[in-house]
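Peer 1: Shown below is the structure under consideration.
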Amino acid sequence: MRSVVAVLIANHNELGRTEIEVLSVGVRLAEDLGGTLTAVLLGEPPASFAPSCFSYGVNRVAVAEGPVFSAYQPIAFSAAIKQVIRTIGGDVLLFPSTTSGLELAPLSGHKLGASVVMDAVGVDGKVDGGGIRIHKPVFGGKAQSLLIARKAPVVVALRMRSIAPVAKQENTPGEIIKVPVTVTSPAGTWRLVDRNVEQSEGLRLEDARIVVSGGRGLGGKENFACLEELSRVLGAALGASRAAVDLGWVPSTWQIGQTGKKIAPDLYLAVGISGASQHMVGIAGAKHIVAINKDDKAPIFQMAELGVIEDYREFIPKLIEAVKKRKASATTL
Ligand SMILES: Cc1cc2nc3c(=O)[nH]c(=O)nc-3n(C[C@H](O)[C@H](O)[C@H](O)COP(=O)(O)OP(=O)(O)OC[C@H]3O[C@@H](n4cnc5c(N)ncnc54)[C@H](O)[C@@H]3O)c2cc1C
C-alpha cells in the first residue's frame with residue numbers, strides 16, 4: 001500500500017479545518033508508507049482550492065470533472081469516485097465524516113470492493129510486513145480499537161476534530177490533473193426534491209475555539225436568546241443537545257453528539273444538558289468542559305472540569321455581565 005487518496009468535495013472557497021484534517025492524516029500516512037498523497041476534488045473547485053492543498057503536503061491534485069457533479073447525488077458520486085480511482089489508482093481512501101462523507105465512504109467502498117472503517121480517529125502505516133493501522137473509538141468512546149488492514153483498497157472515514165492538523169507550508173509545488181468522469185445520475189433511484197442551504201452567520205461550530213451549547217434544561221426556544229448573547233460576548237459558536245433539536249428549538253445543524261457533530265473546541269460550555277453518553281461522545285475532543293446544571297447529580301458533572309450547580313437563568317446573566325466587564329477593563333488598560 002503506497003498510494004493514499006483524500007476525497008474532498010470542494011464546494012467552498014477555502015480549505016476548511018475539515019479538509020485540512022483529512023489531508024493531515026493523508027500526508028502522515030503517505031510518509032509512513034513511503035508513498036504519495038493525492039487529493040481528489042469532486043466537482044469544480046474554486047481557483048485557490050487546489051493550489052492550497054499543496055501547502056498541506058499533497059503531491060498531486062486530481063480534479064474530477066463531469067456533469068454528474070452539478071448536484072450532489074450519493075449513488076452517482078460514489079460511482080464517479082470509483083471511476084476516478086480506477087483511472088488514477090488509490091490504495092487507501094480517506095473521507096471526512098461530514099454528512100456527504102458518511103454516505104460516500106461506504107458507498108464507494110462497496111463499489112471498489114474495499115474494506116471500510118467508519119469513525120476512525122487515526123490511521124498510520126506502522127505495521128510490520130505492510131498494511132495500515134486504524135484507530136477507532138468503541139463503546140461510545142470508552143475504549144479504543146486497533147484494526148489492521150493489510151489488503152488494498154481500504155476506505156476510512158475520519159472523525160473530525162480528533163486530528164491535529166499539519167503545519168501549512170508556503171509555495172509548495174504539485175501537479176494538478178483533470179479526470180473526466182462519464183458517470184451520470186441513475187434515473188429513478190434517487191431524486192433531489194428540494195435543496196435548502198442553511199444561512200449560517202458567524203463562526204462554524206466545527207471551527208470554533210469556544211462553543212456554548214444548550215439542552216432541554218433551557219425550557220424553551222426563546223430561552224436560547226441568553227446563550228446567543230453569551231456566545232456573542234465570548235466570540236463562541238452555538239450548539240445544542242439532541243433533545244433541544246428534537247423539540248424544534250434550534251436547527252439540526254447545531255446538534256452535537258453521536259448523531260450530530262463531533263467537535264473539539266478549547267472550551268465547551270454545556271447549559272441545561274444532562275451529559276448522556278450520546279451527547280458526550282461529540283465533545284470527547286474538547287479541552288475544557290464547563291457544565292451549568294441545577295441538578296448536582298447530573299452525569300455531566302463527572303466529565304466537566306468545572307461545574308456550576310445553579311439555575312442557568314440566574315447564572316448566565318451574571319456570566320455575561322462578568323465577561324463584558326472583563327472585556328471593558330481589558331480595553332481600557
Ligand atoms: C441512538 C441515539 C443517538 C443519540 N444521539 C444524540 C446526539 O447526537 N446528541 C445528543 O445530545 N443526544 C443524543 N441522543 C439523546 C441522548 O440520549 C439524550 O436523550 C439527550 O442528549 C438529552 O438531552 P439534554 O441533556 O438536553 O436533556 P435532558 O437529559 O433532559 O437534560 C436536561 C438537563 O437540564 C437540567 N436543567 C433543567 N432545568 C435547568 C435549569 N433551569 N438550569 C440549569 N439546568 C437545568 C436538568 O437537571 C437536566 O440535567 C441520542 C440517543 C440515542 C438513543
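The values are calculated or read from the model by the stated rules, or taken from the named source; none is laboratory data. Remember, predicted model here, so these are calculated numbers, not experimental data. Note that we place each Cβ from the backbone using ideal geometry, even for glycine, and neighbour counts take in every protein chain shown.
Peer 1: Just one of (1) out of contact with any Gly (no Cβ under 8 Å at 6 or more places or on another chain); (2) over 24 Å from residue 287 (Cα atoms); (3) at pLDDT below 85 trips up residue 179, so point out which.
Peer 2: Just one mismatch for residue 179, condition (3).
Peer 1: From 211, 250, 245, grab the single residue that is within 14 Å of the ligand (Cβ to nearest atom), touching a residue at least 24 places away in the same chain (Cβ under 8 Å), farther than 21 Å from residue 310 by Cβ and of a type in the set (A, V, I, L, M, F, W, C).
Peer 2: Checking each option against the conditions leaves just 250.
Peer 1: Would you check which residues across the range 139-176 are at pLDDT below 90 and within 16 Å of the chain's Cα centre (by Cα) and list them?
Peer 2: Residues satisfying the conditions are 159, 160, 161, 162, 163, 164, 165.
Peer 1: Further question: Return yes when residue 314 is part of a helix (DSSP H, G or I), within 11 Å of the ligand (Cβ to nearest atom), among the acidic types (Asp, Glu) and modelled with pLDDT of 95 or more and no when it is not.
Peer 2: In short, yes.
Peer 1: Would you pick out the residues in the range 269-292 that are under 25 Å from residue 320 (Cβ atoms) and touching a Ser or Thr at 6+ places or on another chain (Cβ under 7 Å)?
Peer 2: Answer for the range 269-292, where residues must be under 25 Å from residue 320 (Cβ atoms) and touching a Ser or Thr at 6+ places or on another chain (Cβ under 7 Å): 269, 270, 271, 273, 279.
Peer 1: Given the conditions (1) assigned to a loop (DSSP other than H, G, I, E, B); (2) out of contact with any Ser or Thr (no Cβ under 7 Å at 6 or more places or on another chain); (3) modelled with pLDDT of 95 or more; (4) farther than 19 Å from residue 226 by Cα, report the number of the one that residue 265 does not fulfil.
Peer 2: (3)
Peer 1: Sort out which residues of the range 2-19 are modelled with pLDDT under 85 and in contact with a strand residue (DSSP E or B) (Cβ under 7 Å, 6 or more places away or on another chain), and write them in order of number.
Peer 2: 10
Peer 1: Residues of the range 266-284 being under 16 Å from the mean Cα position of the chain (by Cα) and near the ligand (Cβ under 7 Å from one of its atoms), which ones?
Peer 2: 279, 282, listed by residue number.
Peer 1: How many residues does the range 72-100 hold that are touching a residue at least 60 places away in the same chain (Cβ under 8 Å), buried (at least 19 other Cβ atoms within 10 Å of the Cβ) and among the small types (Gly, Ala, Ser)?
Peer 2: 5
Peer 1: What pairs come out if I take residues in the range 116-145 that are assigned to a loop (DSSP other than H, G, I, E, B) and pair them with residues that are among the β-branched types (Val, Ile, Thr) and at pLDDT 90 or above whose C-beta lies under 8 Å away, six or more apart or interchain?
Peer 2: From the range 116-145, the pairs are 125/132; 127/148; 131/148.
Peer 1: Only one of these conditions is not met by residue 287: (1) touching a residue at least 24 places away in the same chain (Cβ under 8 Å); (2) charged (D, E, K, R); (3) surrounded by fewer than 20 Cβ atoms within 10 Å (Cβ to Cβ). Which number is it?
Peer 2: (1)
Peer 1: Still on this structure, I have one more. Return yes when residue 238 is more than 9 Å from the ligand (Cβ to nearest atom), assigned by TED's automatic domain parsing to the domain that holds residue 323 and over 21 Å from the mean Cα position of the chain (by Cα) and no when it is not.
Peer 2: For residue 238, the condition - more than 9 Å from the ligand (Cβ to nearest atom), assigned by TED's automatic domain parsing to the domain that holds residue 323 and over 21 Å from the mean Cα position of the chain (by Cα) - is not met.
Peer 1: What's the number of the only condition in (1) touching a Pro at 6+ places or on another chain (Cβ under 6 Å); (2) over 22 Å from residue 141 (Cα atoms) that residue 286 fails to meet?
Peer 2: Only one criterion in (1) touching a Pro at 6+ places or on another chain (Cβ under 6 Å); (2) over 22 Å from residue 141 (Cα atoms) is unmet by residue 286, namely (2).
Peer 1: Could you check the range 12-97 for helices (runs of 4 or more DSSP H) lying wholly inside it with 1 or more residues that are under 25 Å from residue 183 (Cβ atoms) and among the acidic types (Asp, Glu)?
Peer 2: Qualifying helices (runs of 4 or more DSSP H): 17-33.
Peer 1: If you don't mind, another one. Quick test for you: out of 227, 218, 205, 238, pick the one residue that is within 23 Å of residue 164 (Cβ to Cβ), of a type outside the set (Gly, Ala, Ser) and in contact with a Gly (Cβ under 9 Å, 6 or more places away or on another chain).
Peer 2: 205
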